[in-house]
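Peer 1: Below you'll find the structure I mean.
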Amino acid sequence: MRIDFHTHMKLSKKAPFDLAFVKEMASEAKKAGLDAICLTEHFNTLRFDEIYEQFDRHFPYVDHYYDVNGLKVFPGVEVDIQETGHILLVGTRESVLQLHHHLKEHKTADSFISFRQLLNVADIYNMLKIGAHAFRKSTPLHHLSEDLLERLDALDLNGKDLHANGIAETKDAITQLANHLHLPVVAGSDTHHHFQYGCTYNESTMDVQSIADLKRMIRTGAYRLAISPCLHDKVKAASAIKKLLKSGS
């Protein structure tokens, strides 16, 4: 099984939900060899609830994932925190929507939730907690308190950062931080356009069906990280198409 823990199915926060684009993304994810993704749309994206209204209307919800034409899509969210940084949270449909409701007063930079508060809420909903792109200059995590970082389930080996900062450099930085915190590392493409799928992913012999399965896979190390030899081409192509599509919208 191949799974990507950090994905988006909207071009940007301001883009409207587009069912045809979602179906195209799912189809291309499968063509890229993926069996499952975590849909970690930004918590303050335009009309977040509409995503799940449309998913409920068009796709079956099985165990803890949506079956989008054969692709497992686990619900999730990417959240900005007060201290600067992004946290990926993956859970059941109900927990993601409840968390989003909890964050309704924290959607702007002057009101972002604190890291500790977010962790506490995520634990109430038993969500998978991943620290996103820990060394990205605009939204780093490595500067945060170790006692809070250690409460994460994993750190994100991010496709965009592998491209922007160098594969060896990014892997070394994340590995060192993860080892220091005694945390595993999982791969996430951070894609907004399907060309980026498969640039990096996780391969496991487990067939995950639930959030508990995802946590078990990560906790036991029952997976390997994979980086495509075409990573740079995939990210550059996706970025160029995303820019072009946004400029024409």
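Peer 1: Sorted by mean Cβ packing within 10 Å, highest first, what order do the peptides 154-166, 206-218 take?
Peer 2: Going by the mean number of other Cβ atoms within 10 Å, highest first, we get 154-166, 206-218.
Peer 1: What is the total of Lys pairs in region 120-249 with C-alpha atoms under 17 Å apart, excluding same-chain pairs fewer than 8 positions apart?
Peer 2: Summing the qualifying lysine pairs gives 11.
Peer 1: With both bridge residues required to lie in the chain, what share of the DSSP beta bridges run antiparallel, to the nearest 5%?
Peer 2: Of the beta bridges lying entirely in the chain, close to 55 percent run antiparallel.
Peer 1: Each residue of region 147-162 in order: what ³J(HN,Hα) in whole Hz does its phi give by Karplus 6.51 cos²θ - 1.76 cosθ + 1.60, θ = phi - 60°, with x for Gly and Pro?
Peer 2: Per residue, the Karplus-derived 3J(HN,Hα) values read 5, 7, 4, 5, 7, 6, 8, 5, 10, 8, 8, 9, x, 4, 6, 4 Hz.
Peer 1: In a GNM of the chain with a 10 Å cut-off on Cα contacts, which of 133, 194, 64 has the highest mean-square fluctuation?
Peer 2: Fluctuation is largest for 64.
Peer 1: Also, I was wondering about something else. Under a 1.4 Å probe, what is the accessible area of region 1-68 per residue, stated in Å²? Walk me through the numbers on the way to the answer.
Peer 2: Values: 2760 Å² over 68 residues.
The answer is 41 Å² per residue.
Peer 1: If the elastic network links every pair of Cα atoms under 10 Å, which of 14, 107, 234 fluctuates the most in the Gaussian network model of the chain?
Peer 2: For the chain, modelled as a Gaussian network with Cα springs under 10 Å, the answer is 14.
Peer 1: Shifting gears a bit: Defining a contact as two alpha carbons under 8 Å apart and six or more residues distant in sequence, what relative contact order in percent does the chain show?
Peer 2: On the way: 496 pairs, mean separation 51.1, N = 249.
Here the relative contact order equals 21 percent.
Peer 1: Report the per residue volume, in Å³, of the convex hull enclosing the C-alpha atoms of region 194-236.
Peer 2: So the per-residue Cα hull volume is 82 Å³.
Peer 1: List, in order, the whole-Hz ³J(HN,Hα) value for each residue of region 106-117 obtained from phi through the Karplus relation with A = 6.51, B = -1.76, C = 1.60 and θ = phi - 60°; use x for Gly and Pro.
Peer 2: Taking θ as phi minus 60°, the curve returns 10, 8, 10, 4, 7, 9, 4, 5, 6, 4, 4, 4 Hz for region 106-117.
Peer 1: Also, quick follow-up: Calculate how large, on average over all directions, the projected area of the Cα convex hull of region 7-98 is; give the answer in nm² to one decimal.
Peer 2: Over all viewing directions, region 7-98 projects a mean Cα-hull area of 5.9 nm².
Peer 1: Same structure again: So what does residue 27 come to for accessible area, using a 1.4 Å probe and Å² rounded to 10?
Peer 2: 50 Å²
Peer 1: Could I ask something else about it? Report which label in (1) 28, 22, 16; (2) 23, 21, 19; (3) 39, 23, 15 holds the value of semi-axes √(5λ) of the Cα gyration tensor in Å derived from the coordinates of this structure.
Peer 2: (2)
Peer 1: Enumerate the amide H contacts of residue 157 below 5 Å, restricted to partners 5 or more residues apart or on another chain; note that Pro and chain-start residues carry no placed amide H.
Peer 2: Amide H to amide H, under 5 Å and 5 or more residues apart or across chains, residue 157 pairs with 186, 187, 188.
The values are calculated or read from the model by the stated rules, or taken from the named source; none is laboratory data. Nothing here was measured: the structure is a model prediction, and the numbers come from that model. Cβ: placed from backbone, ideal geometry, glycine included. Neighbour counts: every protein chain shown. Remember, those area values only see protein heavy atoms, side chains included, never the ligands or the DNA or RNA. Shrake-Rupley method; radii C 1.70, N 1.55, O 1.52, S 1.80 Å.
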